[in-house]
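Bear in mind these aren't lab numbers, they're just calculated from the coordinates by the rules spelled out. These numbers were taken from a predicted model, which means no experiment stands behind them. So basically every Cβ, Gly included, is an ideal-geometry build from the backbone, and we count neighbours across all protein chains shown.
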Amino acid sequence: MTPERARPARSTPSRRKPVILLADDQETSIVVAQTILTEQGFEFVVARDGVEALDKARSARPDLILLDIGMPRLDGIGTARALRADPATASIPIIMVTTRGDEASFEQAYARGCADYILKPIRSEELIAKVYSVIPS
Amino acid sequence: MTRSFVLPGEVRAGAGSAVLTTILGSGVAVCLAACDRRVGGMAHFVLPDGPTARYGGGALGWGRPAIEALATAMLEHGVRLSVLDAKVFGGAQIAQAGVPTGLPVGSPVGERNVRTAIEELEWLGIPVSTRDTGGSFGRKVVFEIHTGRAMVSEVRRAAS
């Protein structure tokens, strides 16, 4: 019987870490989300308003976008609409992360194709569960 | 007639002419009603049960505690669990097709939320008369406490 030989090392393509675009004008929210998700092995791109979020989404092609509603220049609902209208970003999942707890905001978010909705303050269990619900673990 | 929007992690119950509404993605709404008593309520939770986890200051974001709190509210309104009727909605998986990594999506929290609801209601002995769960779209639920009727509509994607 021929002993099994060690196979020569093959260079397997390394799987890149999933990238999350955090779009929020509140520094605290960004820090909280990053703190929770860094432990899960994600990488981040940050945008401070909706217009910057559109630019970063097109250039970084993130795996997921966490989007605040109340942002300067372009709010989260308008940003979601623009992301969906652009073929380059239309398939990137969006989770709305916001303080807006009114019925209209929920309805607008889902009507703009958001995958889910998280009410601030961010709870780590909810954020992790919903992130892993839309991108590979 | 009062109309109240039930947020994720909230449980509301009452008697008489009142309407409870909510909007669901992966979260689940459980509605309980005793129509002949005009008593009912809704629990909207966002996570399946976990062994020790808590949601914010309470546990109502989790399926099992939320449904138990709703059942307790029914008991406090003088209604026995054996006369209750349950409706279960939500638990969607709305991630868009073509996730950029090309890999399968992760563990769908919506599906686990629905399973938690069904198991908990079964454990409590409350039959589920109506169920509209899963799919890839948001839902709007309008629940009339006094009739026990629930209207569910898809939150349609806007054209642009």
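Set the Förster distance to 22 Å, then compute FRET efficiency between A:S91 and B:S153 from the Cβ-Cβ distance, nearest 0.05.
After rounding to 0.05, the efficiency reads 0.30.
What is the gain in length, in nm to one decimal, between B:T130 and B:D85 on full extension, counting 0.36 nm per residue of separation less the C-alpha to C-alpha distance?
So the chain would gain 15.3 nm between B:T130 and B:D85.
Looking only at GluC sites (Glu not before Pro) in DSSP loops with at most 10 other Cβ atoms within 10 Å, what is the longest site-free stretch of chain A?
It works out to A:40-137.
Quote the charge dipole size of the protein assembly as shown about the Cα centre in Debye, to the nearest 20; the model charges only the Cβ of Lys and Arg (+1) and of Asp and Glu (-1).
Approximately 660 debye in magnitude.
Using Cα pairs closer than 8 Å and at least 6 residues apart in sequence, work out the relative contact order for chain B, in percent.
The value is 29 percent.
What is the extension gain from B:V142 to B:H77, computed as 0.36 nm multiplied by their sequence separation minus the C-alpha to C-alpha distance, in nm to one decimal?
Fully extending the segment from B:V142 to B:H77 adds 21.3 nm.
What is the distance in Å between the Cα centres of the stretch B:5-34 and the stretch A:31-62?
So the two Cα centres are separated by 33 Å.
For a Förster distance of 41 Å, can you work out the FRET efficiency between the beta-carbons of B:E119 and A:R73, rounded to the nearest 0.05?
Taking R0 as 41 Å, the efficiency between B:E119 and A:R73 is 0.35.
Could you name the lysines in cross-link range of B:K140, using Cα to Cα under 16 Å and dropping any fewer than eight places away on the same chain?
In chain and number order, the partners are B:K87.
Amide H to amide H, which residues 5 or more places from B:G61 or on other chains are under 5 Å from it, using H placed in the peptide plane?
Here B:Y55 satisfy the definition.
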